[in-house]
């Protein structure tokens, strides 16, 4: 008997240097799916498609201006995951970036996509000469992923955010020190 997951080709991870309308629509699909699935990623239910599209258009502006980098995971059906590096930081913190909105569509979970996105984000951060990454999460599943990837848990802020349905949730902060890119 063969494992169907093993027959599924690995998703392609790439950096979007520009974000077009097709990307925005697919990214909005991922965001809506994650929020409808209970992810605490700054949005409340119901998350309209228009609001999700507006969010990704704003992200596209940040990509165009160089304030953020956007990575996507794609399979045969299109974008199934994404993560951002917020590169624009205060002038006394040029060495760090913030990891934001690591999202994987529910149809593509349990395939290692989150790990692939995070590894690619770390490599991209090195290319930008970043030596420190920070992130926050409200997901126990994501906490396990970050710990597995070598991130250091800093602490928990109780009741920091709300889940999409309005229930309070704790937020856990992590950091990852990166070795500088070899010259």
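The values are calculated or read from the model by the stated rules, or taken from the named source; none is laboratory data. The model shown is predicted, which means the values in this text are computed figures rather than measured ones. Glycine also receives a Cβ, built like all others from the backbone with ideal geometry; neighbour counts cover every protein chain displayed.
With the requirement that a residue be farther than 22 Å from residue 87 by Cα, in contact with a strand residue (DSSP E or B) (Cβ under 6 Å, 6 or more places away or on another chain) and surrounded by 16 or more Cβ atoms within 10 Å (Cβ to Cβ), what does segment 139-160 give you? Hit for segment 139-160 is 143, nothing else. Quick check on my filter: what residues within segment 43-76 are assigned to a loop (DSSP other than H, G, I, E, B) and free of Cβ contacts under 8 Å to residues at least 24 places away in the same chain? Once the filter is applied, which keeps residues that are assigned to a loop (DSSP other than H, G, I, E, B) and free of Cβ contacts under 8 Å to residues at least 24 places away in the same chain, segment 43-76 yields 46, 48, 66, 67.
The set of residues in segment 124-172 that are in a helix (DSSP H, G or I) and under 14 Å from the mean Cα position of the chain (by Cα) comprises 124, 125, 141, 142, 143, 145, 146.
Once segment 163-183 is narrowed to residues that are in contact with a strand residue (DSSP E or B) (Cβ under 6 Å, 6 or more places away or on another chain) and closer than 22 Å to residue 34 by Cα, the residue that is surrounded by the fewest Cβ atoms within 10 Å (Cβ to Cβ) is 168. Counting residues in segment 118-130 that are free of Cβ contacts under 8 Å to residues at least 40 places away in the same chain, in contact with a helix residue (DSSP H, G or I) (Cβ under 9 Å, 6 or more places away or on another chain) and closer than 21 Å to residue 33 by Cα gives one or more.
Quick one: is residue 97 at pLDDT below 95, under 17 Å from the mean Cα position of the chain (by Cα), under 28 Å from residue 22 (Cβ atoms) and buried (at least 18 other Cβ atoms within 10 Å of the Cβ)? Answer is no for this residue. Just to be sure I understand, how many residues within segment 26-42 are within 26 Å of residue 172 (Cβ to Cβ) and either in contact with a strand residue (DSSP E or B) (Cβ under 9 Å, 6 or more places away or on another chain) or buried (at least 19 other Cβ atoms within 10 Å of the Cβ) (or both)? Final tally of qualifying residues: 11. Looking across segment 126-159, the residues that are closer than 13 Å to residue 41 by Cβ and modelled with pLDDT of 95 or more come down to 135, 136, 137.
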